[in-house]
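The values are calculated or read from the model by the stated rules, or taken from the named source; none is laboratory data. Just so we're clear, the structure is a prediction, and the values are computed from it rather than from any experiment. All Cβ positions, glycine included, derive from the backbone under ideal geometry; neighbour counts span all protein chains shown.
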Amino acid sequence: MRDVVRVVGLVLLAVGLGACAPAAPASGTAPAARQAEPPASGAAATPAAPAAAPPPVERIRVSFAALTAIYAPHLIAQEKGYYAEEGIDMEIERAGGGVATPALIAGELQYSTSAATALSAMLKGAPLKVIYTNTDRTLDELWSSTPEIRTLRDLVGKTVGVQTRGDTMEIQTRLILAKYGIDPATVTITAMGVGSQRLAAIETGAIPAAILSISDVAQLKESGTRGHRLADLRGEIQMLYTGLATSDQELQQHRDRAKRFLRATVKGREYYRAFKEETLRIMEQYNDVGRDAVEADYDATLQALTDDGSMPVEVQRADAVVRAQVNDVDEVPPVEQMYDYRLIQEIYRELTASGWKPAR
């Protein structure tokens with residue numbers, strides 16, 4: 001793995017703190033109860049119930065293609081201590097879907113946020129599942145800074161830069177071309193890696209066109225580079241975009257860990273919805289882009305969030321059919337073999353029933 005960013009969750013245990021002051025209550029927990037009154041004369045004292053043991057701390061490795069707003073629920077869960085409360089020590093691995101998916105299959109990662117790329121592997125029989133869908137539409141745009149390229153049809157015979165081959169950027173490029181009657185085979189798609197390479201290539205004119213994120217577009221405008229948008233992919237394509245994929249083995253052998261990881265992530269997600277300014281401050285800790293770019297990224301992502309971390313079955317099926325065509329898969333597996341939303345839906349039901357709300 002390249003560019004590994006290790007983010008270690010801090011779990012403070014009372015044992016071993018010695019002379020240190022007692023730790024503050026975890027975020028979202030109730031304040032300590034008042035000291036109980038002495039029992040009335042002749043009444044038997046009721047022994048206090050033993051405190052529930054904290055979950056064992058487990059380290060998991062999770063891949064992130066970027067640390068932008070679309071992945072912010074995880075960053076929030078890290079910073080607010082939601083993962084620590086659930087006994088999760090998350091290690092962030094910076095990797096695009098083309099690298100993360102083989103690592104997920106091999107057991108080198110426990111989870112990948114590149115769920116869409118993992119789905120393409122599932123179409124070919126990979127023993128993986130999509131267990132959470134954060135957004136069901138892309139947030140990207142297709143841009144060019146080449147004067148002679150003004151429309152999608154002008155891309156015929158030209159090159160479009162994406163992150164990695166076979167990833168969501170390539171899928172959406174092919175989808176938008178096909179939507180407007182352009183044979184995707186007439187356009188060259190080239191991988192440029194994770195990071196700012198695509199933006200830099202557009203700014204310098206090194207590539208005719210590229211897929212750019214919301215923050216990339218904001219930076220492009222700030223730099224004064226003359227460019228123009230060829231397609232707003234956010235508004236034109238509905239598909240599996242980001243979420244979480246994991247292995248069948250993880251769900252079978254560590255289902256409780258998967259639920260704890262998802263529950264903390266959902267809490268981060270609901271914090272994202274509730275507190276914009278606080279979320280922007282957290283995002284700025286993980287990004288070196290300007291405030292305007294971070295805010296634009298936040299606003300666009302907020303509009304693309306699914307209601308409860310899942311997609312309707314009909315959207316799952318339509319997405320799978322298109323991906324099967326792109327991946328030269330003749331027979332599309334049933335979506336039940338590729339999606340398992342039971343945990344995420346159970347978590348949302350439980351949090352709703354408990355009345356849980358995020359707190360600053």
Selected residue (only one of THR204, THR146 is farther than 27 Å from THR113 by Cβ, surrounded by 15 or more Cβ atoms within 10 Å (Cβ to Cβ) and not hydrophobic (A, V, I, L, M, F, W, C)): THR146
Test: residue in segment 170-183 that is polar (S, T, N, Q), within 26 Å of the chain's Cα centre (by Cα), within 24 Å of LEU220 (Cα to Cα) and outside the structural domain of ALA66 (by TED's automatic domain parsing): yes
Count - residues of segment 316-359 that are closer than 28 Å to ILE76 by Cα and out of contact with any helix residue (DSSP H, G or I) (no Cβ under 9 Å at 6 or more places or on another chain): 8
Has segment 324-336 got any residue that is in a loop (DSSP other than H, G, I, E, B), small (Gly, Ala, Ser) and either at pLDDT below 95 or closer than 21 Å to LEU119 by Cα (or both)? no
Answer yes or no: is there a residue in segment 253-264 that is more than 19 Å from ALA72 (Cα to Cα), of a type in the set (A, V, I, L, M) and within 18 Å of the chain's Cα centre (by Cα). no
Right, ASP299: surrounded by fewer than 20 Cβ atoms within 10 Å (Cβ to Cβ) and at pLDDT below 95 or not? yes
Scan segment 320-344 for residues that are surrounded by fewer than 13 Cβ atoms within 10 Å (Cβ to Cβ) and touching a residue at least 12 places away in the same chain (Cβ under 8 Å) and jot them down. none
